[in-house]
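Here is the structure we will look at.
The values are calculated or read from the model by the stated rules, or taken from the named source; none is laboratory data. Keep in mind that what you see is a predicted model, and the values were worked out from it rather than measured. Note: ideal-geometry Cβ built from the backbone for every residue, glycine included; neighbour counts use all protein chains shown.
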């Protein structure tokens, strides 16, 4: 395993050098805003006090409309008192995002509109998932479609196919596959999630078994909670699980990850909203996230805002976040989505390297 990790590091370094040499698009990647180090220091120093403020749901680092690095304070509603316009000489941006919640189980209005009467009839030879990511797919099942634990009437999204020396796995959230720490290793993982088959698991295809998950601490930031990922993997096989999205998605992700940077254009393909685009607005975010069993505090998270409409909705939990390269087929993994605002315009992702390092796997892509 140590040799595999070392090899991945070497390959990543070689890849980075190659990209710098041959791909001018990378020269257009977002630059760190002026004052980023000071903003990081101010955020880290004041975060505990700010998260103890009633109405504050998150604190991170972003930038002002003028392009300066800033401490970003996310609030449940407008008018939260006691917030300053600067901290240690660093400007503060107050962003009314609403509360954040994990969103694996669709609500009554969470189903994606997969077409209208004007659409042409589907090709009977096509995979059903090419027009409906909630459908039962043919094998190998694509990423980005409905999935879940067979013991629960719920649904989330397959984020990536990942791999180690022993096999390939479906990657999604703990709350999708491990039911917020409540599942048993070895549980059957199915596609689609049984929410999409009227809670009848016989309408789903078994794509693997729950192999590992990282338990998360269901305590808020004020109460000492500390988490970095909401993730789980299910042992599968290449015959059962593919590594590309349906045809209307972004395709096959790269195997090489990139860190989130402020202003980075990103995209995702998920069970409910399909392909959506957005921008990383905030990094190093500390946020409270609501689950059915309580509130959990997450640190060092990525915050994405949609460029148009909702970026993430109920059932999109577990979607893989990748770069949006404006026609260049990199699609480098950036994060694993797991939560969002009620409107869906704001989404939260775990940094993908935290997830991969936890399970000693790599994205099995291009």
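So, of the residues in region 178-213 that are in a helix (DSSP H, G or I) and either more than 23 Å from the chain's Cα centre (by Cα) or touching a residue at least 60 places away in the same chain (Cβ under 8 Å) (or both), which turns out to be surrounded by the most Cβ atoms within 10 Å (Cβ to Cβ)?
Top of the filtered list is 196.
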(message) Quick check on my filter: what residues within region 136-151 are in a loop (DSSP other than H, G, I, E, B) and crowded, with 22+ Cβ neighbours inside 10 Å?
(response) 137, 142, 143, 144, 145
(request) Among the residues of region 341-363, write down those that are within 14 Å of residue 268 (Cα to Cα) and crowded, with 24+ Cβ neighbours inside 10 Å. (result) 346, 347, 348, 349, 350, 352
(request) List the number of the failed condition for residue 245; all other conditions in (1) farther than 28 Å from residue 44 by Cβ; (2) touching a strand residue (DSSP E or B) at 6+ places or on another chain (Cβ under 7 Å); (3) surrounded by fewer than 24 Cβ atoms within 10 Å (Cβ to Cβ) hold. (result) (3)
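Could you pull out the residue among 316, 353 that is more than 14 Å from residue 99 (Cα to Cα) and not in a loop (DSSP other than H, G, I, E, B)?
On the way: 316 fails: not in a loop (DSSP other than H, G, I, E, B).
After ruling out the rest, the residue left standing is 353.
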(message) For the condition out of contact with any strand residue (DSSP E or B) (no Cβ under 7 Å at 6 or more places or on another chain), assigned to a loop (DSSP other than H, G, I, E, B) and modelled with pLDDT of 95 or more, what is the one hit in 54, 37?
(response) 54
(request) With respect to residue 172, determine if the residue is closer than 19 Å to residue 272 by Cα, in contact with a helix residue (DSSP H, G or I) (Cβ under 6 Å, 6 or more places away or on another chain) and surrounded by 24 or more Cβ atoms within 10 Å (Cβ to Cβ). (result) no
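Just one of 337, 275 is part of a strand (DSSP E or B), over 25 Å from residue 32 (Cα atoms) and at pLDDT 95 or above; which is it?
Values: 337 fails: over 25 Å from residue 32 (Cα atoms).
Just one listed residue meets the conditions, 275.
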(message) What pairs come out if I take residues in region 271-287 that are in contact (Cβ under 8 Å) with a residue 12 or more places away in the chain and on the phi > 0 side of the Ramachandran plot and pair them with residues that are in a loop (DSSP other than H, G, I, E, B) and surrounded by 24 or more Cβ atoms within 10 Å (Cβ to Cβ) whose C-beta lies under 7 Å away, six or more apart or interchain?
(response) 274/133
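For residue 82, are the conditions met, namely being at pLDDT below 95 and surrounded by fewer than 20 Cβ atoms within 10 Å (Cβ to Cβ)? Talk me through it step by step, then tell me what you get.
Values: at pLDDT below 95: yes; surrounded by fewer than 20 Cβ atoms within 10 Å (Cβ to Cβ): yes.
Criteria met by residue 82.
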(message) Pull out all pairs, ordered by first then second residue, where Cβ-Cβ is under 7 Å, the residues are six or more apart or on different chains, the first lies in region 23-45 and is surrounded by 15 or more Cβ atoms within 10 Å (Cβ to Cβ), and the second is at pLDDT below 65.
(response) 26/19; 26/20
(request) Would you confirm whether any residue within region 298-306 is under 24 Å from residue 148 (Cβ atoms), modelled with pLDDT of 95 or more, surrounded by fewer than 24 Cβ atoms within 10 Å (Cβ to Cβ) and touching a strand residue (DSSP E or B) at 6+ places or on another chain (Cβ under 9 Å)? (result) no
